[in-house]
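Everything below concerns the one structure shown next.
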2 protein chains.
Amino acid sequence: MKKLIFSALAAVSAAWALNAQQALGPGTGLISPEINPDHSVTFRLYSPKAITVSVTGDFLPAKAVEVEMAGQKLTAMVDGSAEMTQDQNGVWTYTSAPLEGELYSYSFLVNGQKAMDPSNVYFKRDVATWVNYFTISASKGDKGYWYEVRDTPHGTVSKQWYTSPKLGGALRRMTVYTPAGYENGKGKYPVLYLLHGSGGDEDAWQDLGRAVQILDNLIAEGKAEPMIVVMPNGVYFNNAAPGYAVNMFQPTLTNSRSSSTKEIEDSFPDVISFIESHYRVAKGSGNRAVAGLSMGGRQACALSRRYPDTFGYVGMFSGVSPIESAEDENNIASQFKSGPKLYWIGVGSADGVKANCDRLRSYCDAHGYKYEYYESDGGHTWRNWRVYLTLFTQKLFK
Amino acid sequence: MKKLIFSALAAVSAAWALNAQQALGPGTGLISPEINPDHSVTFRLYSPKAITVSVTGDFLPAKAVEVEMAGQKLTAMVDGSAEMTQDQNGVWTYTSAPLEGELYSYSFLVNGQKAMDPSNVYFKRDVATWVNYFTISASKGDKGYWYEVRDTPHGTVSKQWYTSPKLGGALRRMTVYTPAGYENGKGKYPVLYLLHGSGGDEDAWQDLGRAVQILDNLIAEGKAEPMIVVMPNGVYFNNAAPGYAVNMFQPTLTNSRSSSTKEIEDSFPDVISFIESHYRVAKGSGNRAVAGLSMGGRQACALSRRYPDTFGYVGMFSGVSPIESAEDENNIASQFKSGPKLYWIGVGSADGVKANCDRLRSYCDAHGYKYEYYESDGGHTWRNWRVYLTLFTQKLFK
């Protein structure tokens, strides 16, 4: 009987393998990307009929390009690319320089059109764009080190729905991280509310931001306090649970951006109230932080000002909310009366929103409002936001 | 100040839009797939230099192909394909026949090589293959209807780590679904342990099987009892949390299959013990079900036999464990002494493992062991497993 069963299973395997092969074409056995001992990386693609193949990604030096938008000439930075060379078997290859520990993304350009790496199952989506990724964990404590699941205790990540009365009773979803030990204990934990940017959703900080691994690793090494991290969906007019909802919502930067912070300001008490009634949460502003990137940075800034006694810690990553009215002036004055314990601004030197951050810093300087400022290289990218989160979370609840 | 801020934000948008455009090439504004009012679907791809473009997917009739494997000639079913036609702007188009409500997957073949649809952000991974997907929810209660997030109460999904003493203290991860109302109540719930197949992991039933939406929708309509669903990682020698772990593990059918059920049998008490000590769980065999697909079906079958008093409900989807030894005979006799309330076998008429299922059924018939049998069209596919889950879960804990 054993033999018969094996044959039947073999038939199943054949069907599956064939599906995969049909989809991937020949060259499926290639290893790509291959991380070499010196941390250079070799990319391989089988494409015998292609005329040109190159690899593009954030492991290559970014290049500046001129674009025209709304009548203005602007300079934008885009990922660099490198030509691959073809061998006699139709396999195109490129080997990078040795790379620092980091999470990198890339894709191929076959005859100028984007192609994913069929040898690498790992992809991530950023708004409407998918790219392959790989991580280099070069040495203990480098960037890549914080972004990987290590052999340490792990927190739990939940996709949690709640009803928002202030959004007309809408069903909304959030991602909630509870640190290792939460389930086994009775203690109460401080909470970081962490907001995504335009085009993002409640999955963004988990998938692109590696927030779960960063917190797991920092907490395991005693560098951050155990905390709950709440990642809501900050675009009130879009469905939650993208990809599973009834409509085939296709996110773009413009259809996933709320230009005003009004709705998230008005409805945010629903988020806090849900968390504080469903989780073991330490209350009071000393146990609450709010942070976000880009649009989420504007939201974090605005929320902390609108509710001046609620958040003891504020993190603005490549995004701040301007001081534009007498009401704004009154609100920030009220916020700094007792003063947040930390008012943290992080931005890249090449980021288009740096001027906004500079203006808010000047305003704070002029009024004696204390803040911390961190300026990195680079622009408006997840590479920077992961670093800002790694730095910011080490300063919380201590 | 407002105007300056707008310019700065515009610069950011330009940089992002450019990244997307560079990646996707022109033709980014296309709508694909477009679900037409008659539920036909139009696919579009901009590829002016391509010589041939076709679309392949499970919305087209499957076709039989001959393959040779391990010296045997076998017939395998693969997705059909259809040629697309190019217009003068370089856009290739194909419109399908009207389709039934279902979750469909597809990809393009450009000059014979796989290409994803740059107009559709939604992909799913099955082992090493990625495909785009779309859902048609034609009418209330059709297949597609169960697979989408509807406007009903939703359960919570958690990625939950635990330590398995019987696997040498390994850190393992499982996906846990708790039904709507769990957090707000004090009641205890029955548990379905739901196992994936070869090449899968703790994410498979959630991502490919739509287990969360199926349970949410069935429970909301009163067709299934509220239950906890536990989806562990059934390949003890592979890392959990694929894509986030330190190594770049690339799953295949062969490196993600345990040919023996011994390890999962030995270590499964760790899973049950973790769940029963960390969740509000109703105990006893009448409150425990185990089910799985393919390899997971074999595991569910073997687990129910090894622990004859533990599971009141057993579901085997395209996979059973054979009766090969006197020990197997004793175990199944012991299992059927008090008898599971439900011993459910589902398989497709074209599935290579149907012969195994037939043998187990004959054995049960000969010994008077009661079971339910459901035979569908088609083969060894997620389309069938989603249906089996939808049917099986309506029979549990009643």
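The values are calculated or read from the model by the stated rules, or taken from the named source; none is laboratory data. All of these numbers come straight from a predicted model, not from anything done at the bench. Because the Cβ atoms are built from the backbone with ideal geometry, glycine has one as well, and the counts that use them run over all protein chains shown.
Some points to look at:
- Residue, surrounded by the most Cβ atoms within 10 Å (Cβ to Cβ), within the stretch B:66-106, restricted to residues that are β-branched (Val, Ile, Thr) and away from chain A (no Cβ under 14 Å): B:93
- For the stretch B:245-283, residues that are surrounded by fewer than 16 Cβ atoms within 10 Å (Cβ to Cβ) and touching a Gly at 6+ places or on another chain (Cβ under 8 Å) total 1.
- Qualifying positions in the stretch B:219-244 - part of a helix (DSSP H, G or I) and either crowded, with 19+ Cβ neighbours inside 10 Å or in contact with a strand residue (DSSP E or B) (Cβ under 8 Å, 6 or more places away or on another chain) (or both): B:219
- Consider the stretch B:162-179 and keep the residues that are of a type in the set (Lys, Arg) and in a strand (DSSP E or B). The one that is nearest to the chain's Cα centre (by Cα) is B:173.
- Pairs where the first residue, in the stretch B:374-398, is farther than 19 Å from residue B:136 by Cα and the second is among the charged types (D, E, K, R), C-beta under 7 Å, 6+ apart: B:379/B:351; B:380/B:351; B:394/B:223; B:396/B:225; B:397/B:225; B:398/B:225
The rows are residues; the columns are (1) assigned by TED's automatic domain parsing to the domain that holds residue B:342; (2) over 19 Å from residue B:227 (Cβ atoms).
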position	(1), (2)
B:141	no, yes
B:172	yes, yes
B:190	yes, no
B:194	yes, no
B:202	yes, no
B:205	yes, no
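- Meets criteria (in contact (Cβ under 8 Å) with a residue 24 or more places away in the chain, more than 14 Å from every other protein chain (Cβ to nearest Cβ), in contact with a Leu (Cβ under 6 Å, 6 or more places away or on another chain) and assigned to a strand (DSSP E or B)) for residue A:292: yes
- Of the residues screened, residue B:49 is one that is in a loop (DSSP other than H, G, I, E, B), within 20 Å of residue A:115 (Cα to Cα) and either away from chain A (no Cβ under 11 Å) or charged (D, E, K, R) (or both).
- Screening residue A:125 with (1) under 22 Å from the mean Cα position of the chain (by Cα); (2) modelled with pLDDT of 95 or more; (3) not assigned by TED's automatic domain parsing to the domain that holds residue A:204 gives one miss only, at (2).
For (1) in the same structural domain as residue B:134 (by TED's automatic domain parsing); (2) over 25 Å from residue B:377 (Cβ atoms); (3) of a type outside the set (Val, Ile, Thr), each residue gets a yes or a no:
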{"residue": "B:55", "(1), (2), (3)": "yes, no, no"}
{"residue": "B:63", "(1), (2), (3)": "yes, no, yes"}
{"residue": "B:71", "(1), (2), (3)": "yes, yes, yes"}
{"residue": "B:75", "(1), (2), (3)": "yes, no, no"}
{"residue": "B:78", "(1), (2), (3)": "yes, no, no"}
{"residue": "B:84", "(1), (2), (3)": "yes, yes, yes"}
{"residue": "B:89", "(1), (2), (3)": "yes, yes, yes"}
{"residue": "B:97", "(1), (2), (3)": "yes, no, yes"}
{"residue": "B:102", "(1), (2), (3)": "yes, no, yes"}
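- Flag if residue B:249 is part of a loop (DSSP other than H, G, I, E, B) and closer than 29 Å to residue A:125 by Cα: yes
- Some residue of the stretch B:254-275 being within 13 Å of chain A (Cβ to nearest Cβ), part of a helix (DSSP H, G or I) and either within 13 Å of residue B:192 (Cα to Cα) or hydroxyl-bearing (Ser, Thr, Tyr) (or both): yes
- Filter pass, residue A:357 being in the same structural domain as residue A:227 (by TED's automatic domain parsing) and under 16 Å from residue A:197 (Cβ atoms): yes
- Scan of the stretch A:206-237 for residues that are touching a Ser or Thr at 6+ places or on another chain (Cβ under 6 Å) and within 13 Å of chain B (Cβ to nearest Cβ), ordered by number: A:206, A:214, A:220
- Residue selected from the stretch B:298-354 under the condition within 25 Å of residue B:387 (Cα to Cα) and of a type in the set (Ser, Thr, Tyr), by the criterion surrounded by the fewest Cβ atoms within 10 Å (Cβ to Cβ): B:349
- Given (1) within 12 Å of chain B (Cβ to nearest Cβ); (2) farther than 30 Å from residue B:91 by Cβ; (3) surrounded by 13 or more Cβ atoms within 10 Å (Cβ to Cβ), number of the condition residue A:109 does not satisfy: (2)
Every residue, every condition in (1) without any contact (Cβ under 8 Å) to a residue 24 or more places away in the chain; (2) within 12 Å of chain B (Cβ to nearest Cβ); (3) among the hydrophobic types (A, V, I, L, M, F, W, C); (4) in contact with a strand residue (DSSP E or B) (Cβ under 9 Å, 6 or more places away or on another chain), yes or no:
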| site | (1), (2), (3), (4) |
| --- | --- |
| A:129 | yes, yes, no, yes |
| A:134 | no, yes, yes, yes |
| A:141 | yes, no, no, no |
| A:144 | no, yes, no, yes |
| A:167 | no, no, yes, no |
| A:183 | no, yes, no, yes |
| A:190 | no, no, no, yes |
| A:194 | no, no, yes, yes |
| A:198 | no, yes, no, no |
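- Residue in the stretch B:320-327 that is more than 24 Å from the chain's Cα centre (by Cα) and among the polar types (S, T, N, Q) present: yes
- Applying the set (1) surrounded by fewer than 24 Cβ atoms within 10 Å (Cβ to Cβ); (2) in contact with a Gly (Cβ under 6 Å, 6 or more places away or on another chain); (3) closer than 28 Å to residue B:76 by Cβ to residue B:373 leaves exactly one unmet item: (2).
- Taking (1) under 23 Å from residue A:222 (Cβ atoms); (2) of a type in the set (S, T, N, Q); (3) surrounded by 20 or more Cβ atoms within 10 Å (Cβ to Cβ) in turn, residue A:139 satisfies each apart from (3).
- Inter-residue pairs, beta-carbon under 6 Å, first assigned to a loop (DSSP other than H, G, I, E, B) and in the stretch A:77-88, second of a type in the set (Gly, Ala, Ser), 6+ apart: A:79/A:57; A:84/A:54
- For the stretch A:50-65, a residue qualifies if it is surrounded by fewer than 17 Cβ atoms within 10 Å (Cβ to Cβ) and either closer than 19 Å to residue A:29 by Cβ or β-branched (Val, Ile, Thr) (or both), and the qualifying residues are A:51, A:52, A:65.
- Within the stretch A:112-127, the set of residues being at the interface with another protein chain (Cβ under 9 Å from one of its Cβ atoms) and outside any strand (DSSP E or B) comprises A:112, A:116, A:118, A:119, A:120, A:121, A:122, A:127.
- Any hit, the stretch A:180-187, residues being outside any loop (DSSP other than H, G, I, E, B) and out of contact with any Ser or Thr (no Cβ under 7 Å at 6 or more places or on another chain): no
- Scanning the stretch A:148-182 for residues that are surrounded by fewer than 23 Cβ atoms within 10 Å (Cβ to Cβ) and out of contact with any Phe, Trp or Tyr (no Cβ under 9 Å at 6 or more places or on another chain), we see that the one that is nearest to residue B:149 (Cα to Cα) is A:161.
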